[in-house]
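Notes for the one structure printed next.
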Amino acid sequence: MASTVMLKINYRNMTIDDYDAVTALWQQTEGVRLRDSDSRPSLGAYLARNPGTSFVAEIDSEIVGAVLCGHDGRRGYLYHLAVAKAHRKQHIGKKLVELALTAIEQQGIFKVMIAVNADNFSGADFWKHTGWKPRPDLLFMEKTADGKPNA
């Protein structure tokens, strides 16, 4: 008879002190692409501008999940949801999203947007499975500052 070990998962707000562990997780996660705007100073500024809306999941003090979340005063945005492969299918990603959505809803934001890379099929499946819908009426576009193609 096999036994299942239940690991205690601790969810908490992300801080800039988590930068190295979180970016390492993002770098190991298929479908997550880091840009120059994911630098330590940029992430620190983002967390300071959006306090209490980004979260990490820890098991034995090791970060196994993370989501970056914030808002512009009108719409919320989720970025870089990631869960370590060894810890997927345990509802960690879903819980991180729930925490982020609750945090920004408490700040008066009731609509949240995500962008999923077109080739991130597992990510798209996760989002669809958890109730997110594509917006066929929108075309996602971008413009970067001159000389900043990886902004």
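Of everything in the stretch 79-112 that's of a type in the set (A, V, I, L, M) and open to solvent by 50 Å² or more (accessible area, probe 1.4 Å), which residue is nearest to the chain's Cα centre (by Cα)?
By that ranking, first place goes to LEU101.
Okay, residues lined up against (1) over 26 Å from THR144 (Cα atoms); (2) β-branched (Val, Ile, Thr); (3) touching a strand residue (DSSP E or B) at 6+ places or on another chain (Cβ under 8 Å):
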| site | (1), (2), (3) |
| --- | --- |
| SER37 | no, no, no |
| LEU43 | no, no, yes |
| TYR46 | no, no, yes |
| ASP72 | no, no, no |
| HIS80 | no, no, yes |
| ALA103 | yes, no, yes |
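For the stretch 98-151, what are the residues that are closer than 24 Å to ARG49 by Cβ, among the β-branched types (Val, Ile, Thr) and assigned to a loop (DSSP other than H, G, I, E, B)?
Of everything in the stretch 98-151, those that are closer than 24 Å to ARG49 by Cβ, among the β-branched types (Val, Ile, Thr) and assigned to a loop (DSSP other than H, G, I, E, B) turn out to be ILE109, VAL116, THR144.
Any residue at all in the stretch 32-52 that's open to solvent by 80 Å² or more (accessible area, probe 1.4 Å) and under 13 Å from the mean Cα position of the chain (by Cα)?
yes
Could you name every one of the strands (runs of 3 or more DSSP E) located completely within the stretch 1-87 that has at least 3 residues being of a type in the set (A, V, I, L, M) and more than 19 Å from ILE109 (Cβ to Cβ)? Break it down stepwise before answering.
Working: elements: 10-13, 55-59, 62-71, 76-83.
Per the criteria, 55-59, 62-71.
Could we say that ALA115 is surrounded by 18 or more Cβ atoms within 10 Å (Cβ to Cβ) and either in contact (Cβ under 8 Å) with a residue 40 or more places away in the chain or of a type outside the set (Ser, Thr, Tyr) (or both) here?
Values: surrounded by 18 or more Cβ atoms within 10 Å (Cβ to Cβ): no; either in contact (Cβ under 8 Å) with a residue 40 or more places away in the chain or of a type outside the set (Ser, Thr, Tyr) (or both): yes.
Taking the combined requirement at face value, the residue does not satisfy it.
Checking the conditions here, which among THR15, THR23 is among the hydroxyl-bearing types (Ser, Thr, Tyr) and surrounded by fewer than 17 Cβ atoms within 10 Å (Cβ to Cβ)? Quick ask: steps written out before the conclusion?
Working: THR23 fails: surrounded by fewer than 17 Cβ atoms within 10 Å (Cβ to Cβ).
Exactly one of THR15, THR23 is among the hydroxyl-bearing types (Ser, Thr, Tyr) and surrounded by fewer than 17 Cβ atoms within 10 Å (Cβ to Cβ), namely THR15.
Failed condition for ILE104, given (1) β-branched (Val, Ile, Thr); (2) modelled with pLDDT under 95; (3) touching a Ser or Thr at 6+ places or on another chain (Cβ under 7 Å), with all others met?
(2)
Does the stretch 88-97 hold any residues that are farther than 20 Å from PRO51 by Cβ, without any contact (Cβ under 8 Å) to a residue 60 or more places away in the chain and in a helix (DSSP H, G or I), and which are they?
GLY93, LYS94
Restricting to the stretch 118-151, name every residue that is farther than 18 Å from LEU81 by Cβ and surrounded by 12 or more Cβ atoms within 10 Å (Cβ to Cβ).
Residues satisfying the conditions are THR144, ALA151.
The values are calculated or read from the model by the stated rules, or taken from the named source; none is laboratory data. Note that the structure is a prediction, hence the values are computed from the model and not measured. In this analysis, Cβ positions are derived from the backbone assuming ideal geometry, glycine residues included, and neighbour counts consider all displayed protein chains. Heads up: the accessible areas ignore ligands, DNA and RNA and are worked out on the full protein's heavy atoms, side chains in. Shrake-Rupley method; radii C 1.70, N 1.55, O 1.52, S 1.80 Å.
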